[in-house]
1. Whole-Hz ³J(HN,Hα) for each residue in segment 66-76, computed from phi via Karplus 6.51 cos²θ - 1.76 cosθ + 1.60 with θ = phi - 60°, x for glycine and proline: what do you get?
2. Count of lysine pairs in the chain with Cα atoms under 20 Å apart, counting only pairs 8 or more residues apart in sequence or on different chains?
3. Order 54-67, 23-36, 86-99 from most to least packed using the mean count of other Cβ atoms within 10 Å.
4. Nearest 500 deg cm²/dmol is fine: what mean residue ellipticity at 222 nm does the chain get from its DSSP H runs of n ≥ 4 alone, each adding -39,500 (n - 2.57), divided by its residue count?
5. Stretched out fully, how many nm does the piece from SER13 to TYR77 gain, at 0.36 nm a residue minus the Cα gap?
6. What FRET efficiency would be calculated for the residue pair GLN23, ARG84, taking the C-beta separation as r and a Förster radius of 22 Å, to the nearest 0.05?
Amino acid sequence: MAIWYKNEDNSLSAAVFIQMAAQVWPGDYQPQAIQRALQRTINITAWDGGKLVGCVRILSDGYLFGTIPELLVLKEYRGQGIGRELMRRAAELSPTSLYFGAQPEAMGFYEKLGLQPSLPSFQIKKKRQ
């Protein structure tokens, strides 16, 4: 089956997102908090039939700054160009330049896309409430 993409996927539910995200990045996902987060971002999704197989989210103020909180692709779908297409769409749809961090194991992927390292990042860590 062919992969299809949905730009600005406002119908993405927390349950569907968590089902996919937990396979890529295991964690303690709280559905209500995830739904609020999804409502605050531009969500670009990749689907294989009715199965969510990839997602990139953009958080932007619309003018000065934008970031990508995460790019997720199910492991069994990697190497098929899904991440590349999600990033292409993110660059196209974002109203701003995008700045984001990358896990060390993902550095090669971003370099293959022709992206250049930017500013180092820092973190102010808060406990979830």
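Computed from the coordinates by the stated procedures, all read-outs in this text should not be read as laboratory data. Computed from a predicted structure; not experimentally measured. Every residue, glycine as well, gets a Cβ built from its backbone with ideal geometry; the counts of neighbours run over all protein chains shown.
1. So the Karplus estimates, Gly and Pro as x, are x, 9, 10, x, 6, 10, 10, 9, 4, 3, 6 Hz.
2. Number of lysine pairs found: 4.
3. With the highest mean Cβ count within 10 Å placed first, the list reads 54-67, 86-99, 23-36.
4. The helix-only estimate for the chain comes to -8500 deg cm²/dmol at 222 nm.
5. Residue separation times 0.36 nm, minus the Cα-Cα distance, leaves 21.0 nm.
6. After rounding, the FRET efficiency stands at 0.65.
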